[in-house]
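Participant: Let me begin by handing over the structure; questions about it come next.
The values are calculated or read from the model by the stated rules, or taken from the named source; none is laboratory data. Remember, predicted model here, so these are calculated numbers, not experimental data. Virtual Cβ from ideal backbone geometry, glycine too; neighbours counted across all protein chains shown.
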There are 2 protein chains.
Amino acid sequence: MTKESIVQAFMQLQDDICQALEMADGQGRFQEDAWERPGGGGGRSRVIRGAAIEKGGVNFSEVHGDLSTAAAKALKLGEGGAFFATGVSIVLHPKNPWVPIIHMNVRYFEMDQDRWWFGGGIDLTPHYVFPEDAQWFHQQLATVCDAAHSDYYDRFKKWADDYFFIRHRDETRGVGGIFFDRLGPQESLPKEELWKFTLNVGQTFAPTYTELLKRHRDDSYSDLEMDWQRLRRGRYVEFNLVWDRGTKFGLETNGRTESILMSLPPLAGWEYSHAPTANSREEHTLALLKKDIDWLSNPPKSY
Amino acid sequence: MTKESIVQAFMQLQDDICQALEMADGQGRFQEDAWERPGGGGGRSRVIRGAAIEKGGVNFSEVHGDLSTAAAKALKLGEGGAFFATGVSIVLHPKNPWVPIIHMNVRYFEMDQDRWWFGGGIDLTPHYVFPEDAQWFHQQLATVCDAAHSDYYDRFKKWADDYFFIRHRDETRGVGGIFFDRLGPQESLPKEELWKFTLNVGQTFAPTYTELLKRHRDDSYSDLEMDWQRLRRGRYVEFNLVWDRGTKFGLETNGRTESILMSLPPLAGWEYSHAPTANSREEHTLALLKKDIDWLSNPPKSY
């Protein structure tokens, strides 16, 4: 496949996902903000404020330009040169606290014949963890992974546990998912298969999230759950601004701030040393924000 | 002065400030959370949720231990060894959006005879900038600075402009104030005078903030101003989590998370590409979030 065909497929993916999300939301419509990057390329940022999706962003970008040798070395890429990068990235903050926050990203980077790779992932951040939902979510990801390579699910599930970790809280961001980066010429799969896998990850996003939305969007909630949702969103902000390498890299290298920070919630809260009530759903959730839970084959009991 | 006398003075400063803030608030009372640091030392974190101060933290800490040579080199300190650090740090988020957010910090660090310094500062982050308040605020700081050294106000005002800058937004955090760090043996003032200056900065905090609180705490506001307050608080979060060296250092080196993140607001918001109405107070405020404004001698016109 060519760079151009990847760009076309990612733009189509953005269109398909936006359409599926609008249908699922039933009320909100995406607003598009097309932008150009001074150094080359640009993007289409799309945001929705809907009935079920309180704030969501579905972003496509395709940027290119020259990477200095200094910047290339900082990225462990050797000599500098022309680069090309394209991807789709999504964060959705639902209105109903029983519905999880979700993030998805797929991307392709290329410098030359020997320096190219795919990256991406999907991870789920429930305000309240339901083990049966987490298991179902991981099953969807395992299906996509298994179609590509028998090692992928285990490998990328662990990568997500390690990546989506809020070190200063000793908490995972949520129930994880899959994360992969720099899948390039050193991989056992040929480039065409890596691309197919990456695109499949993107395509599994909409059916997976709309199912989770359907399961909980009509569950009733009170101020207690809304307060907790704001605190969990606060943790989401902490992860993205303190630990997320993509966000940090973007902000430090003069990326497009509004597109990078589309991931932040509409409203978030912080309370000093908040501790949930004993045996509450909030406490059960905190206890499940750990690495290395086998959601697929041995999920914790539901509560 | 000895380390012990500095510790005593900082604890007294914390007490005095908490008392003054409780009096000014009229309703809230500080709750203290005393903590110990596994490696040595500890602190007294105090938080208030009051009538005028929606969320405030006044933190004292005194920590000591051994600094590895690797850590010392990373801090440009030469060889490792025993270290000692103490300070008071404050962030207050007022309920009323016409009242500014404020931050104050004073600190002392020591390794040995030749490696010690004072640091600190006060800076003001109005949700709505009132040039006359900003001017008055800078006058208070200039008075403290001028009593120590004729260069200090200009030097430390510029330092604050550079430090409290949200690079990815091209905005200052607020109207600045003063910031200083590593005032040690290389300074023209003797240690005793540097200490006196640092303590004076701390002591000027309470009368300065209570005056600003008094000026605006009873001003009426609507949803419009509350929405704007949440967006400005969002920027405060961005600065603290992305750019503030103290916060980053604390979170990355396993500091006490709850004390470090006491600075975060009770509630904050983000909206994609928010733009204030033309000629609104919000737009006037944004236009004043710039470096190098001479608040003291040539403040912008009030609006």
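Participant: Grab the strands (runs of 3 or more DSSP E) fully contained in segment B:34-122, keeping just those with 2 or more residues being modelled with pLDDT of 95 or more and among the small types (Gly, Ala, Ser).
Facilitator: In segment B:34-122, the matching strands (runs of 3 or more DSSP E) lie at B:41-48, B:53-67, B:81-94.
Participant: Is one or more of the residues making up segment B:200-212 touching a Gly at 6+ places or on another chain (Cβ under 9 Å) and under 17 Å from B:Pro265 (Cα atoms)?
Facilitator: no
Participant: Right, next: Counting just the residues of segment B:180-203 that are buried (at least 21 other Cβ atoms within 10 Å of the Cβ) and outside any helix (DSSP H, G or I), which one comes out nearest to the chain's Cα centre (by Cα)?
Facilitator: Top of the filtered list is B:Phe180.
Participant: How many of the residues making up segment B:282-303 are under 25 Å from B:Tyr221 (Cα atoms), of a type in the set (D, E, K, R) and free of Cβ contacts under 8 Å to residues at least 12 places away in the same chain?
Facilitator: So the first thing to find is which residues in segment B:282-303 are under 25 Å from B:Tyr221 (Cα atoms), and the list is B:282-289, B:300-303.
When the remaining residues are screened for being of a type in the set (D, E, K, R), the result is B:282-283, B:301.
Add one more test, that the residue is free of Cβ contacts under 8 Å to residues at least 12 places away in the same chain, and what stays is B:283.
Number satisfying all stated conditions: 1.
Participant: Pairs, please: C-beta under 6 Å, at least 6 apart or cross-chain, first residue farther than 30 Å from A:His93 by Cα and in segment B:270-281, second charged (D, E, K, R)?
Facilitator: none
Participant: Now, a different point. Filter segment A:166-216 down to residues that are small (Gly, Ala, Ser) and either closer than 15 Å to A:Ile90 by Cα or modelled with pLDDT under 95 (or both), then give me how many there are. Spell out the reasoning first.
Facilitator: Let us first name the residues in segment A:166-216 that are small (Gly, Ala, Ser), namely A:174, A:176-177, A:184, A:188, A:202, A:206.
Going one step further and asking which of them are either closer than 15 Å to A:Ile90 by Cα or modelled with pLDDT under 95 (or both), we end up with A:177, A:202, A:206.
The number of residues fulfilling the criteria is 3.
Participant: Another question about this same structure. Here is a list: A:Arg37, A:Arg46. Which entry is within 14 Å of chain B (Cβ to nearest Cβ) and basic (Lys, Arg)?
Facilitator: One residue alone meets the criteria, A:Arg46.
Participant: May I ask you to list pairs of residues, at least six apart or on different chains, whose Cβ atoms are under 6 Å apart, with the first in segment B:183-211 being within 26 Å of B:Gln19 (Cα to Cα) and the second being buried (at least 17 other Cβ atoms within 10 Å of the Cβ) and not hydrophobic (A, V, I, L, M, F, W, C)?
Facilitator: Cβ pairs passing all conditions: B:Thr198/B:Gly120; B:Val201/B:Gly120; B:Thr204/B:Gln140; B:Thr208/B:Gln140.
Participant: Please find, among A:Gln139, A:Gln113, A:Gln135, the residue that is surrounded by fewer than 24 Cβ atoms within 10 Å (Cβ to Cβ) and without any contact (Cβ under 8 Å) to a residue 12 or more places away in the chain.
Facilitator: Residue meeting the stated conditions: A:Gln113.
Participant: Are there any pairs with C-beta distances below 7 angstrom linking a residue in segment A:51-76 that is within 14 Å of chain B (Cβ to nearest Cβ) and of a type in the set (S, T, N, Q) to a residue that is loosely packed, with under 15 Cβ neighbours inside 10 Å and outside any loop (DSSP other than H, G, I, E, B), with the two at least 6 apart or on different chains, and if so which?
Facilitator: none
Rundown of residues vs (1) within 28 Å of A:Leu67 (Cβ to Cβ); (2) within 17 Å of the chain's Cα centre (by Cα), yes/no style:
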position	(1), (2)
A:Thr86	yes, yes
A:Pro94	no, yes
A:Met104	yes, yes
A:Gln113	yes, no
A:Pro126	no, yes
A:Leu141	no, yes
A:Tyr163	yes, yes
A:Ile178	yes, yes
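Participant: Tally up the residues in segment A:244-254 that are more than 11 Å from every other protein chain (Cβ to nearest Cβ) and on the phi > 0 side of the Ramachandran plot, please.
Facilitator: 0
Participant: In segment A:280-298, which residue that is over 25 Å from A:Phe156 (Cβ atoms) and crowded, with 17+ Cβ neighbours inside 10 Å is nearest to the other protein chains (Cβ to nearest Cβ)?
Facilitator: Checked segment A:280-298; the qualifying residue nearest to the other protein chains (Cβ to nearest Cβ) is A:Glu282.
Participant: Among the listed residues B:Leu241, B:Leu231, identify the single one that is more than 8 Å from every other protein chain (Cβ to nearest Cβ), among the aliphatic types (A, V, I, L, M) and either part of a helix (DSSP H, G or I) or within 19 Å of A:Arg232 (Cβ to Cβ) (or both).
Facilitator: B:Leu231
Participant: Counting just the residues of segment A:1-39 that are in contact (Cβ under 8 Å) with a residue 12 or more places away in the chain and of a type in the set (S, T, N, Q), which one comes out nearest to A:Phe83 (Cα to Cα)?
Facilitator: Only one residue tops the list, namely A:Gln14.
Participant: Among the residues of segment A:204-228, count how many are farther than 30 Å from B:Ser263 by Cα and in a helix (DSSP H, G or I). Before you say what the answer is, go through the steps one by one.
Facilitator: Start the filter on segment A:204-228 by keeping residues that are farther than 30 Å from B:Ser263 by Cα, which leaves A:204-220.
After this cut, where a residue has to be in a helix (DSSP H, G or I) as well, the list is A:204-216.
Adding up the residues that qualify gives 13.
Participant: Kindly check whether there is at least one residue in segment A:145-154 that is crowded, with 19+ Cβ neighbours inside 10 Å and touching a strand residue (DSSP E or B) at 6+ places or on another chain (Cβ under 6 Å).
Facilitator: No.
Participant: Looking at (1) more than 10 Å from chain A (Cβ to nearest Cβ); (2) closer than 30 Å to A:Gly50 by Cβ, can you tell me which one B:Pro265 breaks?
Facilitator: Result: B:Pro265 fails condition (1) only.
Participant: Quick one: what pairs do we get from segment B:168-179, first residue within 12 Å of B:Val129 (Cβ to Cβ) and away from every other protein chain (no Cβ under 14 Å), second of a type in the set (Asp, Glu) and not in a strand (DSSP E or B), C-beta under 9 Å, 6+ apart or different chains?
Facilitator: That search, which allows pairs on different chains as well, returns B:Thr172/B:Asp161; B:Val175/B:Asp133; B:Gly176/B:Asp161.
Participant: Quick one: count up the residues across segment B:69-110 that are within 30 Å of A:Gly269 (Cβ to Cβ) and surrounded by fewer than 18 Cβ atoms within 10 Å (Cβ to Cβ).
Facilitator: Total meeting the criteria: 0.
Participant: Of the residues A:Thr257, A:Thr277, only one is facing chain B (nearest Cβ under 7 Å) and either out of contact with any Phe, Trp or Tyr (no Cβ under 6 Å at 6 or more places or on another chain) or of a type in the set (Gly, Ala, Ser) (or both); which? Please lay out each step first, then the result.
Facilitator: Numbers: A:Thr277 fails: facing chain B (nearest Cβ under 7 Å).
Going through A:Thr257, A:Thr277 in turn, the sole match is A:Thr257.
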